[in-house]
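The values are calculated or read from the model by the stated rules, or taken from the named source; none is laboratory data. Keep in mind that what you see is a predicted model, and the values were worked out from it rather than measured. We place every Cβ from the backbone using ideal geometry, glycine too, and count neighbours over all the protein chains shown.
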Amino acid sequence: EVQLQQSGAELVKPGASVKLSCKTSGYILSNYYMSWLKQMPGQNIEWIGNIYGGNGGTGYNQKFKGKATLTVDKSSSTAYMDLNSLTSEDSAVYFCARLGIAAPYFDYWGQGVMVTVSS
Amino acid sequence: DIQMTQTPSSMPASLGERVTISCRSSQGIRNYLNWYQQKPDGTIKPLIYYTSNLQSGVPSRFSGSGSGTDYSLSISSLEPEDFAMYYCQQYYSSPWTFGGGTKLELK
């Protein structure tokens with residue numbers, strides 16, 4: 001069974017960074033792209049970017065370039081997203097989601113992790 | 001960026017009713033359109049990909065259609081578990097973008 005298990009909620013101070021994790025199981029991370037998405041409270045979902053598990057190649061939404069950095073660790077089957085220089089605008093729920101092979105859609109999702117930026 | 005506009009933003013409906021949610025793109029997206037369901041606990045799952053393909057395990061009461069800039073998701077007979085948020089998403093061009101969502105509520 002495919003599972004994406006995200007790390008727990010984070011409370012971080014403005015200006016700090018945070019690293020979110022997404023541990024995968026039930027499939028081979030190297031064979032798929034992993035995406036990250038952002039959902040602010042009561043608002044739309046935004047696509048942040050993709051990373052290919054095989055070679056770490058990335059593609060970002062221009063809006064998040066410089067804000068988010070995606071990496072993978074094949075040895076632990078885990079995808080990561082670093083968010084830097086956090087502000088209140090970064091307070092949101094962040095999801096990891098596997099990109100399907102049959103077509104580019106998010107076929108499995110993590111449960112989401114709430115990041116709160118507050119002093 | 002391609003803007004995705006969903007209508008209505010909320011929809012009261014009854015059990016057993018047939019409903020249709022619309023999604024319009026700001027430019028043609030050649031059927032590169034997916035639909036997702038988000039439950040109140042926040043969990044998200046795919047329903048339809050490439051306009052009309054049903055994700056494995058999704059009940060056949062869900063269906064998708066459309067072309068050009070106009071797409072729709074239909075649910076033929078509402079079940080209690082269908083009351084949730086629904087989002088469309090285009091992947092025709094980067095950045096991939098989502099509609100603002102439609103909240104399906106029990107009337």
Name the strands (runs of 3 or more DSSP E) wholly within the range A:19-96 that hold at least 2 residues that are surrounded by 15 or more Cβ atoms within 10 Å (Cβ to Cβ) and within 11 Å of the chain's Cα centre (by Cα)? A:33-39, A:45-52, A:68-73, A:78-83
Taking the condition within 14 Å of chain A (Cβ to nearest Cβ) and acidic (Asp, Glu), does B:ASP41 pass? yes
The correct count of residues that are surrounded by fewer than 21 Cβ atoms within 10 Å (Cβ to Cβ) and either more than 14 Å from chain B (Cβ to nearest Cβ) or in a strand (DSSP E or B) (or both) in the range A:97-107 is 2
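Out of A:ASN55, A:ASN44, report the one residue that is polar (S, T, N, Q) and either facing chain B (nearest Cβ under 9 Å) or within 24 Å of B:MET4 (Cβ to Cβ) (or both).
Details: A:ASN55 fails: either facing chain B (nearest Cβ under 9 Å) or within 24 Å of B:MET4 (Cβ to Cβ) (or both).
From the options A:ASN55, A:ASN44, the qualifying one is A:ASN44.
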Which residue out of B:ILE21, B:ILE48 is of a type outside the set (S, T, N, Q), more than 21 Å from A:PRO104 (Cα to Cα) and at pLDDT 95 or above? B:ILE21
Based on this model, can you work out whether A:LEU86 counts as among the hydrophobic types (A, V, I, L, M, F, W, C), more than 14 Å from chain B (Cβ to nearest Cβ) and at negative phi? yes
